[in-house]
Every structure is written in structure tokens, then in C-alpha cells.
Amino acid sequence: MEENKRLVKVPTMAEMAANGEEPEVLFWVGCAGSFDDRYKRVTRSFVQILEHVGVKYAVLGTEESCTGEPAKRAGNEFLFQMQAITNIEVLNAYNIKKIVTACPHCFNTLKNEYPDLGGNYEVIHHSTFLQQLINEGKVKVQGGEAFKGQRITFHDSCYLGRANDIYEAPRDVLAALDADLVEMKRSRANGLCCGAGGAQMFKEPEPGNKDINIERTEEALATLGAGSGVIATACPFCMVMMSDGVKNKEQEESVKVFDIAELIAQAEGLSK
Amino acid sequence: MIQLENIIFLIVAGLGIGLFVWQIRKIRKNILMGRDVDLTDNPSERINKTLLVAFGQQKMFKRMLPAVLHLFVYVGFLVINIEVIEILIDGVFATHRVLAFLGPVYSALMFINEILAALVIIACVIFLWRRNVTNVPRLASGVEMRAWPKLDANFILITEIVLMFALFAFNIAGLKLVQMEGGEVAGSYPVSQMFVNIFGDNPTSLHIIERVGWWFHIIGILAFMNYLPSSKHFHIIMAFPNVYYSKLLPKGKFTTNPAITHEIKAMLDPSYQPPAPEMDAEGNPIVQRFGAKDVEDLTWKQLMDSYTCTECGRCTSVCPANITGKLLSPRKIVMDTRDRMEEKGEHPAIFAPNHYKELGVERVQTTDEKTLLRGYITPEELWACTTCNACVESCPVNIDQLSTIMDLRRYLVLEESAAPASVNAMFTNIENNGAPWAFSPSDRFNWAEDLYVPSKN
């Protein structure tokens, strides 16, 4: 099938600006999406979808830098604002109007916290973006049948859900697959955190009797029941925490953790 | 005719209300210790929120059984207060059931009142059962649920039951007297009618019971009102302003400190002129701490939160850190803030219910520092928070526990550089590499290599 695929050249803002062009949307990749081996696959899946539907997009490439989100949650307002003000200079210099990102933490910060510092953009999370593509018929999910009978449970990200009241977009995206969606007892506004937010991702947990991701994974596994299933996430931190939890429970053969963009890219036949 | 009884009543009621006002002023002063924050925007949205969340009890209904029982007590409180107004008028002007001229409306009111009073008793008994027999975990356990909070809760429930019994005694005796005299009964009393013969038929003793019931109910209410400022039960008043002033922005938006913005802009651009700092009364610039070390570093809304808390523990029961055995309990953060505020500021209470700190023998390693941070709340608690907003979402009266946790954390980091080592390493990575991990910024775009999509032909 080699002849049926083409190499993607991901456009950067620098190139676009040099050609006097502006993208419809800037894809903010985020640090996990750029560096974490597992989440790079999500980034690539999302770019495959962008290429597939022909959206005029661009990335910042090496000009992107941490939004400052983990610093802000850890209480380091100074470092956060340093990062934010520097990023806003770059974004404003490129006259960016619309941003999509696959990270709820970047999403929340860009959308809610950058305006105070002079960064005003339309910011959407990739779950909402994918929901729009499906609703507009641009992504048809014809291969969704491959998921027939597959049990999928969606784990809400705190920074998508409670922080920004986005509960239905990722579920709508998953509903496009011909799968058996099951809800955990603690879901939507009552969803249980994976344990990584608030800079916990970068530190050892405080003393306790259990790790939060184990508590959440147990709930997800119980919801999926015996046999195989998918835990769907929409956040790089949740992805790490849930994957670690599944490994800890020695279920990684039967239960997979996927981002919603990966599931759509698979169903659309974009990635193998 | 106005008699001695009415004059005594006037004095008692005046003292009760005066004492209450005195206590409220002290509480107001405590709350105003906090930093100023402007929360007067969007009044219509705020009113809507107040109607839904405070009056409408919207967030209570996440848990059905307690919501329904609480609704009985809440509606009972509102409606029975109409009878209290009548009692006040009767007491001052020596009238008897002055509102009876309302006719069928009065009958309906008294009917509803009796049903609600009975429901209040049933609900309070079930609440006592849940607290003391079935030991619902969020009510019965937690490092902050020491002697005083437990006593406070039981005292409130028992008082409410006793007050309702006094009301029934007054109604039953009055009803029996009127029936014996063959007079017209003003109002409709379905519950009292069932027990109408319980006090016998001696007019003298019935009259005494009627008067004692009346006096007991009204003195009970005045005393209870003055107990509120010392108690978690103060939520029956504070819930309304607290919901009105709640955060209207997305929960994920944390506050931005403009002082830091000016500092950074001046650093990046030497020609940048930051605005002149605010001056205090003596003309000295006001220098605020970064983050919060003590109660005066929090905003008045955060302090108001702590007076609104009724210690129901919904926040703690959904906290991922608490569920997995960490020390953090959002309820404790709020309760500590109130205790510290009263230690530092005014003591509005008639008595000082500070039992809760002295009994601290558990895992909370507080120090002798007279500050909210460390003296009450330890860094271990603060570092256990995942900022997931489950506590904020769960609170029926819109307390923002997370904002207080974050402000205390900010003080640790910005003023003391006291973050855990691995968090400091993350800061260094962001500073040096523009990513929280130790990767080279030049590798940031490597993910795009060798990426293929199916060609469309």
C-alpha cells in the first residue's frame, strides 16, 4: 500500500508568515504532544485528521513553548506569567485568531488565563473540533464498525469538564463510533480526577493509602467488565495516569487507553 | 390590653435582636479583614444563581435523600418564620393570632405549618440517626470532625426538634382551649388535632401549657439566632450572599496577579512604566504578599466562604486526594480559615468553640506559628491538591475551597521558594527548555517526522 500514502509536511507559522499566508487555525501541540512518546502518537493522529479534512492549519514548531500551566497550578505565578507573556508576543506577532489544542491544560490556560495578559484568541479543544468535523460531515467515521461490540468508557478530564463545562463533545465524538459506550459511576461533573492535575504530574503523591490513578483505573476496569475494552481520554496527563493504572493492574493486554483523536483516526483509516 | 407579659416580651425580644446585631457587626468586621475584590458585576446572573442555588437548593439535589430531608427543614424554616412574625406581633401588642383575619389564607398557612413542623421533626431525627448511628462517613469522620463540630451539629438538630415540640404544645393547648370554650378555631391544625387531648382538659393547666409553649418557642428562637454566629448553622443566613458573590468565570480560570504582570513587563522592557502603587491612609505604598500566609491575605469572599460552610463534607467526600488517604480535606481548609479569623480578629461568638484545634493529635503537623499557613494548614495538605475542582463543584453554597488552597500554595512558592524538589525541577525545566520535562527545545518539532496519510485517489 506504499503508493497510496503521502508524506505530510506539517506547516509552521514561520513558513506561512514568510509566504504572507494565515492559517484558519493554529494547532497548539503542547509539551506532552511534542515530547512524550505516547502522546506524540495523539499529535500525529490529530494532524492526520487535519490533513484528511483539508483544514488550513499550522503549528508553531520550535517556536512553541510551555503555556506555563504547570507552573501556575504549582503556585509559581511569576514563571507562569513569564511564559504567558512571551508566548502571547509570538502569537500576536503572527496575528493568531483561532487555536485548537489536544491538551485540556493548555486549552484552559490559553482560553481563560491568557486574556488577562493580552492574549485574546478563540480557543477550542480538539474534542470540540472533532465534534464539529463529524457534525459537518467532514469526518464520516465509515470505519467505525471496526469498534462494533467494543466497550469504551470515557474518562473526563478535570480541565475539560468541571473547569470548562465540556462534557458532551468528547462523548459525541465517541458516539460516532459503532461502539458500546459505558459510563463510569463518577462521570461528567462528578468525574474523578486521574491524579495528575495541579502539577501532581511532576511530583510524587503526598502520603496516603492509594494512588489516585489506581482508584480511577479500578473504577474504569469495573465499568468495562471482563474482557477487552478501551478507556478513552482527551488529555495527555489522563493518558499517562490511566495507562500506568492499567499496567499496574496488569490489564494492558486486554484494556487499551486511547485518545479520542486516535480512535477517530483509526476509524477513518488514517493510521494503522 | 398590654400587660406586664408584653413588656417583658418586648425587653427579651429587644435584647435578643440587639445581641444578634452586635454579633453580626463583629462578623462583618472579620470578613472585611480580607483583601478587596470587586464582585458587583453581572447582577442579573448573580440573582439567577442565588435563586437557583441558594433559594432553589439546586446543588443539594446531587444527593437525593439528604436533599429531600433538608428541603423539609429549609421550607419549614422559611414558612414557620411567618408564624414567628405573628408571635412577635402578638407578643408586643397583646393580640392573639393577629394574622387570623387572613381567613382561608391563614388556615392554609397554619395547615402547611403543622405539616412542615412534623416533617422537620422527622428529618431532624433521621439526620441525628445518620450522624450518630449509621455514621455516614462524611459526617462522622475526618481530622477536622472533632468534638466541637460534632457537638454543634447534634445541638442544632436537637434544638430544632425541641422548638417544633414547643410550637405543637402551643398549638395543641390553644386548640383544646378554644374547642372547650366552643369558640371558632382560627386556622387549621391537622397534627395538633390528632393530639388535641394529650394535655387533658383542665383549663388552667392548658392555659399554662399554651403560654409556656409560646414563650419557649420564641425565647428558643431568639437564643438559637444568637447561637448561629458561633455555629456552622450560620449557613442559613450566609448561603444567600455567598452564592450571590460566587465565581461566575469558568472554574478553570485562576486569578492573575497584576503586580507580577507589571514586574515582568518592566523586566522585559526597561521603558515600561508600572502604575503607581496604591497608598494606605498614611501615604505609604501598600505592599501585598504574593499569595496568602494568613487570613488577611485572602479576599473577603474567601473569608465569607468560611462563615458559610456548614461542614457537610461533600467537598471532602469527593476530593481525590482525601479519598485516597491523603491529609488534604477541603472542608478542613475552610474550617481552619474561620477558626484562624476568629483567633486573629473579632470573636463574634458568645462563647469560643475552639475545641477543634486543641484536640489535634492526628497527622496534621501544625506549628506554633500564629498564621493560617502552618499554624493551621500544613504544606502537606496543600501539595496534595490536584486542582480538580471536585470540591468546588460539590459545594451546595458555592464555596471556592480551591482558591484558598491555591493562594496558600502561591505563598509557599513565591515568598518562601518552598516547593517540593521535583516541582522546583519542573520550574527549572520550563525556564530553561520551555517544557516541564528536560527535553531540548530544538527537539520540539521532531514528532512531525515521517508522518504519512493515505492519498485521496
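The values are calculated or read from the model by the stated rules, or taken from the named source; none is laboratory data. The structure displayed is predicted, hence computed values, not measured ones. Glycine also receives a Cβ, built like all others from the backbone with ideal geometry; neighbour counts cover every protein chain displayed.
Just to be sure I understand, how many residues within segment B:410-429 are assigned to a helix (DSSP H, G or I) and farther than 18 Å from B:Phe290 by Cβ? Show your work before the answer.
Narrowing segment B:410-429 to residues assigned to a helix (DSSP H, G or I): B:410-415, B:421-429.
Next cut, farther than 18 Å from B:Phe290 by Cβ only: B:421-422, B:425-426, B:428-429.
So the count comes out to 6.
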Of the residues in segment B:320-344, how many are closer than 18 Å to B:Ile24 by Cα and either at pLDDT below 90 or among the acidic types (Asp, Glu) (or both)? 3
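In segment A:109-155, which residues are within 12 Å of another protein chain (Cβ to nearest Cβ), in contact (Cβ under 8 Å) with a residue 24 or more places away in the chain, closer than 30 Å to A:Pro70 by Cα and not aromatic (Phe, Trp, Tyr)? Show your work before the answer.
As a first pass, look at segment A:109-155 and keep what is within 12 Å of another protein chain (Cβ to nearest Cβ): A:109-119, A:123, A:125, A:143.
With in contact (Cβ under 8 Å) with a residue 24 or more places away in the chain added as a condition, the list becomes A:109-114, A:117-119, A:123, A:125, A:143.
Now restrict to residues that are closer than 30 Å to A:Pro70 by Cα: A:109-114, A:117-119, A:123, A:125.
Correct list: A:Thr109, A:Leu110, A:Lys111, A:Asn112, A:Glu113, A:Leu117, A:Gly118, A:Gly119, A:Val123, A:His125.
For every residue, the table says whether it meets (1) farther than 17 Å from B:Ala384 by Cα; (2) at the interface with another protein chain (Cβ under 7 Å from one of its Cβ atoms).
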| position | (1), (2) |
| --- | --- |
| B:Pro396 | yes, no |
| B:Val413 | no, yes |
| B:Ser422 | no, yes |
| B:Asn429 | yes, no |
| B:Asn433 | yes, no |
| B:Trp437 | yes, yes |
| B:Arg444 | yes, yes |
| B:Asp450 | yes, no |
| B:Val453 | yes, yes |
Looking at segment A:211-223, I want the residues that are closer than 15 Å to A:Gln200 by Cα and have a partner that is surrounded by fewer than 24 Cβ atoms within 10 Å (Cβ to Cβ) and acidic (Asp, Glu) with Cβ atoms under 9 Å, at least 6 apart or on another chain. Which pairs are those? A:Asp211/A:Asp244; A:Asn213/A:Asp244; A:Ile214/A:Asp244
Could you check how many residues of segment B:20-46 are surrounded by 13 or more Cβ atoms within 10 Å (Cβ to Cβ) and over 29 Å from B:Leu372 (Cα atoms)? 1
Index of the failed condition, A:Leu177 passing every other in (1) of a type outside the set (Lys, Arg); (2) more than 11 Å from chain B (Cβ to nearest Cβ); (3) touching a Pro at 6+ places or on another chain (Cβ under 7 Å): (3)
Determine if segment B:219-239 includes at least one residue that is assigned to a loop (DSSP other than H, G, I, E, B), at pLDDT 90 or above and closer than 30 Å to A:Pro115 by Cα. no
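Being within 13 Å of chain A (Cβ to nearest Cβ) and charged (D, E, K, R) is the filter here; which residues of segment B:244-281 pass it? Before the answer, list the steps.
Residues of segment B:244-281 that are within 13 Å of chain A (Cβ to nearest Cβ), as a first pass: B:247-269, B:272.
Result: B:Lys247, B:Lys251, B:Lys253, B:Glu263, B:Lys265, B:Asp269.
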Are any of the residues in segment A:104-120 closer than 30 Å to A:Leu263 by Cβ, of a type in the set (Lys, Arg) and touching a helix residue (DSSP H, G or I) at 6+ places or on another chain (Cβ under 8 Å)? no
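Determine which member of the set A:Thr128, A:Thr109, A:Thr67 is β-branched (Val, Ile, Thr), assigned to a helix (DSSP H, G or I), buried (at least 22 other Cβ atoms within 10 Å of the Cβ) and under 21 Å from the mean Cα position of the chain (by Cα).
Details: A:Thr128 fails: buried (at least 22 other Cβ atoms within 10 Å of the Cβ); A:Thr67 fails: assigned to a helix (DSSP H, G or I).
Matching residue, one of A:Thr128, A:Thr109, A:Thr67: A:Thr109.
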Would a scan of segment B:375-395 turn up a residue that is at pLDDT below 95, assigned to a helix (DSSP H, G or I), surrounded by fewer than 23 Cβ atoms within 10 Å (Cβ to Cβ) and out of contact with any Phe, Trp or Tyr (no Cβ under 8 Å at 6 or more places or on another chain)? yes
Scan segment B:117-135 and tell me whether some residue there is in contact with a Gly (Cβ under 6 Å, 6 or more places away or on another chain) and surrounded by 18 or more Cβ atoms within 10 Å (Cβ to Cβ). yes
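Counting just the residues of segment B:255-304 that are assigned to a helix (DSSP H, G or I) and basic (Lys, Arg), which one comes out nearest to A:Leu117 (Cα to Cα)?
Of segment B:255-304, the ones assigned to a helix (DSSP H, G or I) are B:258-268, B:295-297, B:300-304.
From what is left, the residues that are basic (Lys, Arg) are B:265, B:301.
Working: B:Lys265: 10, B:Lys301: 24 Å.
My answer is B:Lys265.
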Does segment A:6-50 hold any residues that are surrounded by fewer than 15 Cβ atoms within 10 Å (Cβ to Cβ), in contact with a strand residue (DSSP E or B) (Cβ under 7 Å, 6 or more places away or on another chain) and more than 18 Å from A:Leu130 (Cα to Cα), and which are they? A:Arg6, A:Leu7
Is it the case that segment B:168-181 has a residue that's surrounded by fewer than 20 Cβ atoms within 10 Å (Cβ to Cβ), in contact with a Cys (Cβ under 9 Å, 6 or more places away or on another chain) and at pLDDT 90 or above? no
Across segment A:1-38, what is the number of residues that are in contact (Cβ under 8 Å) with a residue 40 or more places away in the chain, small (Gly, Ala, Ser) and within 14 Å of chain B (Cβ to nearest Cβ)? 4
Any residue in segment B:63-76 that is within 30 Å of B:Asp297 (Cβ to Cβ) and in contact (Cβ under 8 Å) with a residue 60 or more places away in the chain? no
